[in-house]
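For reference, the structure discussed in these notes is given below.
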Amino acid sequence: MREREFWELLEEVFGRGYGRSLSRDQRLTGLDGMTVVEALEAGVEPRVVWNVLCDQMDVPDSRRWGADHNAPPMPAVRVG
């Protein structure tokens, strides 16, 4: 998932105004209390941020990926 896709999904799932407010104000417990904006600026993969936000906001899988319901692949786990 690209960051551009993240922002498109945020607006589609939460609405433009509420989504942008969430991105600045909602602290994500699954990401050490960072906001969406802080996590993305820190280099956290957009898909990881998206999943943490959706989990915290109780967004069901059926709505999580927008109209097409196609989840992008998870980022590779780095070992070592």
- Task: Measure off 7 Å from each Cα along the Cα-to-Cβ vector at SER62 and GLU45, then give the distance between these two points in nanometres to one decimal.
- Result: 2.7
- Could you check how much of the accessible area of the stretch 1-66 is carbon and sulfur, as a whole percent, using a 1.4 Å probe? 44
- Query: What is the extension gain from GLU3 to VAL37, computed as 0.36 nm multiplied by their sequence separation minus the C-alpha to C-alpha distance, in nm to one decimal?
  - Reply: 11.2 nm
- Message: Please report the net charge: other residues with Cβ closer than 14 Å to the Cβ of GLU41, K and R +1, D and E -1.
- Response: -3
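The values are calculated or read from the model by the stated rules, or taken from the named source; none is laboratory data. Note that the coordinates shown come from a computational prediction; the quantities given were computed from them, not determined experimentally. Methodologically, a virtual Cβ is constructed for each residue, glycine included, from the backbone with ideal geometry; neighbour enumeration extends over all protein chains shown. Each accessible area value is taken on the protein alone, full model and side chains, heavy atoms only, with ligands, DNA and RNA left out. Shrake-Rupley method; radii C 1.70, N 1.55, O 1.52, S 1.80 Å.
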